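Encoded as structure tokens, the structure appears first; notes follow it.
Laboratory data are not the source of any read-out in this text; all were calculated from the coordinates shown. Every value quoted in this text rests on a predicted model; they were computed, and no experiment measured them. Counting neighbours? That spans all protein chains shown, and the Cβs are built from the backbone with ideal geometry, glycine included.
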Amino acid sequence: MPQHHDIVVIGAGFAGLYAVHKFRDELGLSVKGFDAAGGVGGTWWWNRYPGARCDIESVHYAYSFSDEIQKRWTWSERFAAQPEILAYLEFVADTLDLRRAFTFGTRIASAVWDDEDHVWTVSTSDGDVCTTRFLIAASGNLSIPKPPDFAGLEQFRGEVYTTSQWPHRPVDFTGKRVGIIGTGSTGIQVIQEVAKQAGHLTVFQRTPNFALPLGNESLPEEKRRWVADHHAEIRAGARESFMGIPFERPEISGTLVPAEARKAKYDRLWSKGGWPLLVSSYADVLSSQAVNDDVADYVRDKIRARVTKPGVADLLCPTDHPFATKRLAFETDYFDVFNRDNVDLIDVRATPVERLTEGGIVVGGVEYPLDVLIFAIGFDAATGPLVHLGLVGRNGATLAERWKDGPRNYLGIAMHDFPNLFTITGPTSAVALYNNPLAIEDHVDLATDAVRYTLDRGADLIEATEEAEDHWSRIVNGLLGLTLFPKAKSWYMGANIEGKRTGTYIFTGSAQLYRQMTAEMQQVGYGGFVVGTRKAALPPMMKLDPAVLGLMGVLQGQGTKALHDCTVEETRALVDSFSMLQGDARDVEVTATTYPTAAGERPLRVYRPKGRGGLLPVVVFCHGGGFIAGSIDAVDKPCRALADDLGLVVIAPSYRLAPEHPFPAATDDTFAAVDWAARNAARFGGDADRLVVAGESAGGLLAAVAALRARDAGGPRLAAQILITPAIDGAVKTASRVEYAEGPILSTKAAEGMFAAYLAGTGAEMSPLASPVHATSLAGLPPCLVLSAECDPMRDEGEDYARRLAGAGVEVRSIRLDGLIHAAFSMAGVIPRARDFTVEIGAFLDDVLGRAEPQPTRAAGE
Ligand code: NA7
């Protein structure tokens, strides 16, 4: 009988070591580990090449789970070199007595799922077989080297080294002619070192990379101790940051920042060394081509300033991919190396390597004689390490087959048909853009909790559903599509390996967002998994449009306060700041004027598309902001777009806000604006016979009330009403107010607080002017379009109101937009599907007004 374990862990790097500790020492399960290496350390056991060093600061590139370990270990440099990181992992393994769980020097040959007994049968390269209930693949992301496939490789008589399989003895390059292929992070590190020793170094470069100064320094003894003693303080907030390191927060966008201010910021961040230029500059550096170009130009200027050999500087300047869309590299004297007489740079993009000979490399018919050849050509990243495990799931499923079009899984950690398997830092999980030790802890914690959850329920099986995989694929693909990453041929995209399918291999939302999604999945009882025979419904966030998730990630990265925690002033500032999310302002005619209210004249803007003759329909648009915030400034761009897209005269009134001006100030003002529009539309080429009242959110309620008031006052005559994600009834309890109680963006608590501020002390709760649901009858109201968003706490009340209108004989169209959220309508700059609102409004107006204006097309991908 093969030996049986509760848990088999594959890999003894950061992930495998922590996994053994968690499952064995915390859950008390029987755990067996395997690693092909001769000891612990994973990546840091294998990658022993000269110059191998981590580019995350030492204090952050470490476990966080044990205060004792952090305090007992001190780091000698700001960025630790490979021997020190390996020593750290050996120290951790000894401290926690982890080595005894492992068999080293042993590869996993296969792991086959038994669907009757619900166990995995694991076979090793030694021919040993064991069974396990749960399988933990802690096999890393960058552990399968890309094989060199150069013609004539076997003929080369010199020494050949691969950086990730470096010998355990020192390699001496003194006086030798060395060639290096590969200028990624690894190549850049090794080139810096070898150039100083080799007789001559030839670098064969296919793609120049963006490399930033590392800013390494050795830490004096007292600083080392101080860092160890203060690690908790130093790392505080790490998990709430984009990358798992508490860097300075970026500004939300670089697009509106003047050039001098941008340059000053880049200078400051550059001088810090490491990642800040990317992560602390602008949140849209990886999504806005213009912002990215700006940073890229800055880096290229820095490279040109360093490299003195004519022509070489140009060759070293990356131009074929946006900044940071290939993994950023970090350097100390990489660019200076090319000023040395013993270093040559050969461009193998213009003329690829032809072949190897006995004595060198031939490029473009020229032979470069070499004694030593070093390959730094990268890895079959993300999927490679898992595909190589020989996993066979239910009904003979293999990953090679399943993933031939790119990886497919749930949260990057689990797969349908591969039950009881957890892939730590698996493809599409938050890892490539996240501080790996923290990613690993997060994923191992999740796997441990999943196993505990399963066993606590007396179950022996946990498995992701196909539906969950579908949603996860939609999300990670959508998130990737919002970025510039697809513009690079990188391992992030699976594009570095010939024949590998290019696609979504990484999670490009922030690590913080990923953590929120996994936490929600746990909160709803392993939503998207089958545990035993029980299938739990998908977590609400899984339904969100990817662009909404991307926005959430950006707002989290800004440290944006939840609306319900904001003061009135903070709410106003936040709502105004959302205008940053609205994209470019359309070029339309804008007239700023005023309209009379009971409290005097108030500002109002009229928008009219350019170049359109004749009378146009008129839409009075009431902005949102929960009665306490919002302004005609904040809604300027959506009004311009409405006018331009749909050929409308759009009139946006400012109205008095609570709490300074509670009910009925806002409804009185907006109704006065409708009246003004009816009387003044013609001045702006508007057709008063085609007058429509519209509004978003609180503005939706004001629009609905204005329609009611117009009916009861006998005018103005309205042709239609358009309610966009309207907040209709302050007091109502609906399912959507429970399901989306936390938002995104608008929480139920925030909405209730805003409505309470509007009605404060007026006792108007049951007044039809506070909410039209209190009207005795809704009959006789103009045709109504209600646009609701699936993931909006206000969704149901808008849809319920549409049903009530229909019940009263009003012509109603009610459309729910899947995956969208409250306020999405006015976030077109970051949520492409915001355009769906405009499309629906255009179609509705066509029908009720009998117009035939050109319509915008739907957002791409819809
Ligand atoms: P990378 O980043 O994949 O870099 C590999 C380098 O090797 C890159 O410059 C490649 O050029 C080059 N390469 C690969 N194949 C060839 C061929 N056939 N001819 C010429 N040049 C070639 O791997 P690294 O090891 O540097 O870094 C991996 C990760 O380790 C890094 O991202 C960090 O997370 C740590 P290409 O760009 O494909 O033109």
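A few notes on this one:
- Each Cα pair of region 304-349 feeds into the Kirkwood radius, which the Stokes-Einstein equation turns, at 10 °C and 1.306 mPa s, into a diffusion coefficient of 134 µm²/s.
- Annotation: amide H-H contacts under 5 Å for L817 (H modelled 1.01 Å from N, sequence separation of 5 or more, or interchain): S788, A789, E790.
- Between A459 and E660, the C-beta separation translates, for a Förster distance of 60 Å, into a calculated FRET efficiency of about 0.55.
- In degrees, nearest ten, helix 665-680 long axis to first principal axis of the chain (Cα): 70 degrees
- DSSP beta bridges in the chain [antiparallel fraction, %, rounded to 5]: 40 percent
- Each Lys and Arg contributes +1 and each Asp and Glu -1, all at the Cβ; summed about the Cα centre of region 639-750, the dipole is approximately 160 debye.
- In order through region 97-110: 3J(HN,Hα) via Karplus (6.51 cos²θ - 1.76 cosθ + 1.60), integer Hz, x for Gly, Pro: 6, 9, 4, 5, 6, 9, 10, 9, x, 10, 8, 7, 8, 6
- Cross-link reach is defined here as a Cα-Cα straight distance under 17 Å, omitting same-chain residues fewer than 8 places apart; for K637 the lysines meeting it are K610.
- Placing unit charges on each Cβ (+1 for Lys and Arg, -1 for Asp and Glu) gives the chain a dipole about its Cα centre, and among T504, V732, A290 the Cα reaching farthest toward its positive end belongs to A290.
- The alpha-carbon atoms of region 79-217 define a convex hull whose volume equals 206 cubic angstrom per residue.
- When only alpha carbons of region 726-862 are considered, Rg and Dmax amount to 16.0, 48 Å.
- Across region 246-261, coupling constants 3J(HN,Hα) worked out from phi with the 6.51/-1.76/1.60 Karplus curve, θ = phi - 60°, read x, 6, 3, 5, x, 6, 5, 8, x, 5, 9, 8, x, 4, 5, 5 Hz, and Gly and Pro carry x.
- The distance between label points at R304 and K610 comes to 3.4 nm (points 7 Å beyond Cα on the Cα→Cβ vector).
- Charged-residue dipole, Cβ positions (Lys, Arg, Asp, Glu), region 580-722 about Cα centre, Debye nearest 20: 300 debye
- Cβ crowding within 10 Å, taken as a proxy for footprinting-reagent exposure, orders V619, V606, V773 from fewest neighbours to most as V773, V606, V619.
- When peptides 67-73, 241-247 are ranked by their average number of other Cβ atoms within 10 Å per residue, the highest-first order is 241-247, 67-73.
- Averaging over all projection directions, the Cα-based convex hull of region 222-372 occupies 13.2 nm² in the image plane.
- Here the label points at A592 and S66, each 7 Å from Cα along the C-beta direction, are separated by 6.4 nm in the simple model.
- Taking N as its residue count, the alpha carbon Rg of the chain over 2.2 N^0.38 Å: 1.08
- Only one residue of V119, A80, A101 has its Cα farthest out toward the positive end of the dipole of region 72-137, where Lys and Arg carry +1 and Asp and Glu -1 on Cβ, and that residue is A80.
- Projected-area average for region 27-78 over all orientations - Cα convex hull basis, square nanometres: 5.5 nm²
- Three semi-axes of the equivalent ellipsoid, region 317-459, Cα gyration tensor, whole Å, largest first: 43, 20, 13
- For q = 0.11, 0.20 Å⁻¹, Debye-computed log10 I/I(0) when each Cα of region 554-699 counts as one equal scatterer: -0.42, -1.18
- Centroid-to-centroid separation of region 45-92 and region 130-195 [C-alpha atoms, Å]: 21 Å
- Principal axis extents of the C-alpha atoms in region 753-816 (largest first, rounded to whole Å): 35, 30, 14.
- The trypsin sites (Lys or Arg not before Pro) found in region 562-631 that occupy coil by DSSP, while having at most 14 further C-beta atoms within 10 Å, are K610.
- Once backbone amide H atoms are built at 1.01 Å from N, Y368 has I361, V362, V363 as its partners under 5 Å, excluding neighbours fewer than 5 places away on the same chain.
- Compared with the dominant Cα axis of the chain, that is its longest principal axis, helix 568-577 is turned about 70°.
- Distance violations [Cα-Cα > 21 Å] among K326/K487; K146/K404; K22/K223; K272/K489; K223/K272; K176/K326: K22/K223; K272/K489; K176/K326
- Amide H partners (placed H, <5 Å) of E331, local residues excluded: L212, L214
- Shown in residue order for region 508-520 are the 3J(HN,Hα) couplings computed by the Karplus curve 6.51 cos²θ - 1.76 cosθ + 1.60 at θ = phi - 60°: 9, x, 6, 4, 5, 5, 4, 5, 5, 5, 5, 5, 5 Hz (x for Gly and Pro).
- When each of E797, E248, E116 is scored by the number of other beta-carbon atoms lying within 10 Å, the sequence from fewest to most is E116, E248, E797.
- Placing a label point 7 Å from the Cα of R394 along the Cα-to-Cβ direction, the residues of region 455-472 whose backbone N falls under 12 Å from that point are 461-467.
- The tail of the calculated P(r) for region 388-470 beyond 15 Å holds 60 percent of all Cα-Cα pairs.
- Taking each residue as 0.36 nm, the span from R349 to W226 lengthens on full extension beyond its C-alpha to C-alpha distance by 39.5 nm.
- Net charge over other residues, Cβ less than 9 angstrom from the Cβ of T448 (K, R count +1; D, E count -1): -1
- Taken along its three principal axes, the alpha carbon spread of region 1-126 comes to 52, 31, 21 Å, from the longest extent down to the shortest.
- On the principal axes of its alpha carbon atoms, region 636-788 extends 44, 32, 31 Å, with the longest extent given first.
- Degrees, to the nearest 10: 795-807 long Cα axis against longest axis of the chain: 30 degrees
- Alpha-carbon centroid distance for the pair region 536-578 / region 631-675, whole angstrom: 24 Å
- Taking 0.36 nm per residue of separation and subtracting the Cα-Cα distance, full extension of the segment from R474 to E77 would add 138.7 nm.
- Each of the peptides 421-434, 631-644, 283-296 was scored by the mean count of other Cβ atoms within 10 Å over its residues; in descending order, highest first, they stand as 421-434, 631-644, 283-296.
- With bins 5 Å wide beginning at 0, the percent of Cα pairs of region 184-287 falling in each bin runs 2, 9, 13, 16, 16, 15, 13, 9, 5, 1, 0.
- Gain on full stretching of the segment that runs from D25 to V362 - 0.36 nm per residue minus C-alpha separation: 115.7 nm
- Computed helical MRE - 222 nm, the chain, DSSP H runs ≥ 4 contributing -39500 (n - 2.57), nearest 500: -9500 deg cm²/dmol
- Across region 417-533, the volume of the C-alpha convex hull divided among the residues equals 109 Å³ per residue.
- Computed over region 682-763: relative contact order in percent, which uses C-alpha pairs under 8 Å that are six or more apart: 26 percent
- Think of each Lys and Arg Cβ as +1 and each Asp and Glu Cβ as -1; about the Cα centre, that makes the dipole of the chain roughly 1060 debye.
- The mean sequence distance of close C-alpha pairs (under 8 Å, at least 6 residues apart), as a share of the length of the chain, puts its relative contact order at 10 percent.
- Highest mean first, the peptides 543-550, 705-712, 390-397 sorted by other C-beta atoms within 10 Å per residue fall in the order 543-550, 705-712, 390-397.
- Hull volume in cubic angstrom per residue (convex hull over the Cα atoms of region 598-674): 87 Å³
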